[in-house]
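Written below as structure tokens is the structure these notes are about.
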Amino acid sequence: MVWRLGIVYFVCRALGKIWGASIGALTGKASSTIKRFIGISMLPQVGAAVALALVVEHEFGGGSYGRHAVELARTVFNVLLVTTFFTEFIGPYLTKYALVKSGEAREVA
């Protein structure tokens with residue numbers, strides 16, 4: 001179940017970042033190249049998600065809020081770790097793709 005939740009969260013997070021960054025680039029009147037590639041270059045940014053997972057685990061995982069809070073904390077922690085795994089696995093490749101295709105970096109063999 002955690003893997004499914006993690007995948008759904010990952011896809012929704014990715015779409016939100018891609019659309020949000022593209023809308024920001026559109027609003028900021030950025031070049032068409034930046035509008036096109038800014039979203040996928042933002043995907044590897046997961047530091048806040050890891051911090052959130054740790055805060056949830058610390059606050060709710062201790063048992064002071066009951067058994068359901070411990071289960072919720074464990075689920076949230078694992079979903080965010082699954083998302084981090086996917087993001088850190090494919091994120092660098094997507095960032096390289098975006099930088100090369102946008103002309104901001106050269107292809108290196």
* Asked: Hey, what number do you get for the chain at 222 nm if only DSSP H runs of n ≥ 4 count, each worth -39500 (n - 2.57), divided across all residues, to the nearest 500?
  -> -27000 deg cm²/dmol
* To do: Among the aspartates and glutamates, select those whose C-alpha is under 19 Å from the C-alpha of K35, and discard any that sit fewer than 8 residues away in the same chain.
  => E104
* **Loop-resident sites, the range 11-56, for trypsin sites (Lys or Arg not before Pro), counting at most 15 other Cβ within 10 Å (DSSP)** => K29
* Structure fact -> In order over the range 48-57: 3J(HN,Hα) from phi, Karplus 6.51/-1.76/1.60, θ = phi - 60°, whole Hz, x for each Gly or Pro, gives 5, 5, 5, 4, 4, 4, 5, 5, 4, 4
* **Phi-based couplings in Hz for the range 30-43 (Karplus 6.51, -1.76, 1.60; Gly and Pro marked x)** => 6, 5, 4, 5, 5, 4, 6, 10, 5, x, 6, 6, 8, 4
* Asked: In the range 1-80, what percent of the accessible surface is made up of carbon and sulfur (1.4 Å probe, ligands and nucleic acids excluded)?
  -> 68 percent
* Given a 1.4 Å probe, how much area per residue of the chain is accessible, in Å²? -> 68 Å²
* For the chain, with a Gaussian network of springs between Cα atoms less than 10 Å apart, report the residue from G91, G24, G66 with the top mean-square fluctuation. => G66
* At V11 and R36, where each label point lies 7 Å from the Cα along Cα→Cβ, what is the point-to-point distance in nanometres? -> 2.6 nm
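The values are calculated or read from the model by the stated rules, or taken from the named source; none is laboratory data. Just so you know, these numbers come straight off a predicted model, no measurement behind them. Virtual Cβ from ideal backbone geometry, glycine too; neighbours counted across all protein chains shown. Heavy atoms of the whole protein, side chains included, go into the accessibility calculation; ligands, DNA and RNA do not. Shrake-Rupley method; radii C 1.70, N 1.55, O 1.52, S 1.80 Å.
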